[in-house]
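Data first, discussion second: the structure below is written as structure tokens.
Read-outs: derived from the displayed coordinates by stated rules, not from any lab. For clarity, every value in this text was computed on a predicted model and none was experimentally measured. Backbone-built Cβ (ideal geometry, glycine too); neighbour counts: all protein chains shown.
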Amino acid sequence: MKLPIAVIAGLGMIVAASASLMGANPGEPAPEFTLLDSNGNEHSLSDYKGKFVVLEWVNHGCPFVVKFYRPGEMQRLQKKYTEQGVIWFTINTSAPGLQGHMTPEQANASIEELNAHPTAILLDHDGVVGRRYDARVTPHMYVIDPEGTLIYNGAIDSNPSSRSSDIEAAENYVVSALTAAMNGEEVATPRTRPYGCSMKYAD
């Protein structure tokens, strides 16, 4: 699958979400959910208590997502952390008929063609889970600790650009949160303003 490059008209691209940050709150229990993956298997968040869980909202037509997939950075992070026992869910919330929507077959093809390494791609096409977490953009990232507490909500990193060349110099907030929590330390930055392309909800 070829990933779109540069700006595509009608993306609804935004540099950062609005200043009002709501939804799932760090320090509180992460909202429970149950979703089917691209192979028809059911996953509930509560099934993974005792493990770290990363939620990555994705839209492969979004330049801010392409920023991390084109050079293989997102795939590298997925592989690194799933090999350490972290559950990494890539979630597709784009509604049918809207930009970024993936059928189960397309989702499976994306894993193979991008050499991605999530635990699973979860399909949230009615947007229920996205709204429950107040996921606003792609990529919007969340980290949940083994007790089921949300410990991070926000941007993937500190540089709100769509250029892959900016990744190296930026702080990756997901990496920072996981590193701290896995070492028994407090997460220094539990919440940031997410940036990317607006979520393609049905309404």
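Show me 112-121, 132-141 ranked by packing, highest mean number of other Cβ atoms within 10 Å first. Could you put the intermediate results ahead of the total?
Numbers: 112-121: 17.1, 132-141: 23.8.
Top of the packing list down: 132-141, 112-121.
Given a cut-off of under 8 Å on Cα pairs at least six residues apart, what relative contact order in percent is computed for the range 24-198? Walk me through the intermediate numbers first.
Numbers: 353 pairs, mean separation 50.5, N = 175.
Over the range 24-198, the number comes to 29 percent.
I need the peptides 40-51, 183-194 ranked by packing, meaning the mean over residues of other C-beta atoms within 10 angstrom, with the highest value on top. Intermediate values should be presented prior to the final figure.
Working: 40-51: 12.8, 183-194: 14.3.
Top to bottom by mean Cβ count within 10 Å: 183-194, 40-51.
Given 0.36 nm per residue, what is the gain on full extension from THR179 to GLU28 after removing their alpha carbon distance, in nm? Please list the in-between numbers first.
On the way: separation 151, 0.36 × 151 = 54.36 nm, distance 1.96 nm.
Stretched out fully, the THR179 to GLU28 stretch lengthens by 52.4 nm.
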Cα-based equivalent ellipsoid of the range 23-71: semi-axis lengths in Å, sorted from largest, via gyration tensor: 24, 17, 10
Packing-based ranking, highest mean first, of 84-92, 168-176, 151-159 given that Cβ atoms within 10 Å are counted: 151-159, 84-92, 168-176
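Obtain the radius of gyration and the Kirkwood radius of the chain from its C-alpha atoms and give Rg over Rh. Display every interim value, and only then the final one.
Details: Rg = 15.3 Å, Rh = 16.6 Å.
Result: Rg/Rh = 0.92.
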Using a Debye calculation, one point per C-alpha and no hydration shell, please list log10 I(q)/I(0) for the range 52-110 at q = 0.22 Å⁻¹ in order. -0.96
Hey, with R₀ at 25 Å, roughly what FRET efficiency would ALA188 and ASN39 work out to, going by the Cβ-Cβ distance, to 0.05? 0.10
Determine the calculated [θ] at 222 nm for the chain from helices alone, applying -39500 (n - 2.57) to every DSSP H run no shorter than 4 residues and normalising by the residue count; nearest 500 deg cm²/dmol. -6000 deg cm²/dmol
In whole Å, what is the distance between the alpha-carbon centres of the range 54-82 and the range 158-203? 11
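Just subtract the alpha-carbon distance of LYS79 and ALA169 from 0.36 nm times their residue separation and send over the number in nm, one decimal.
30.3 nm
How long is the gain from ASN108 to ASP47 if the chain were fully straight, where each residue apart is worth 0.36 nm and the alpha carbon distance is subtracted? List each step's numbers first, then the result.
Details: separation 61, 0.36 × 61 = 21.96 nm, distance 2.24 nm.
The ASN108-ASP47 span can extend by a further 19.7 nm.
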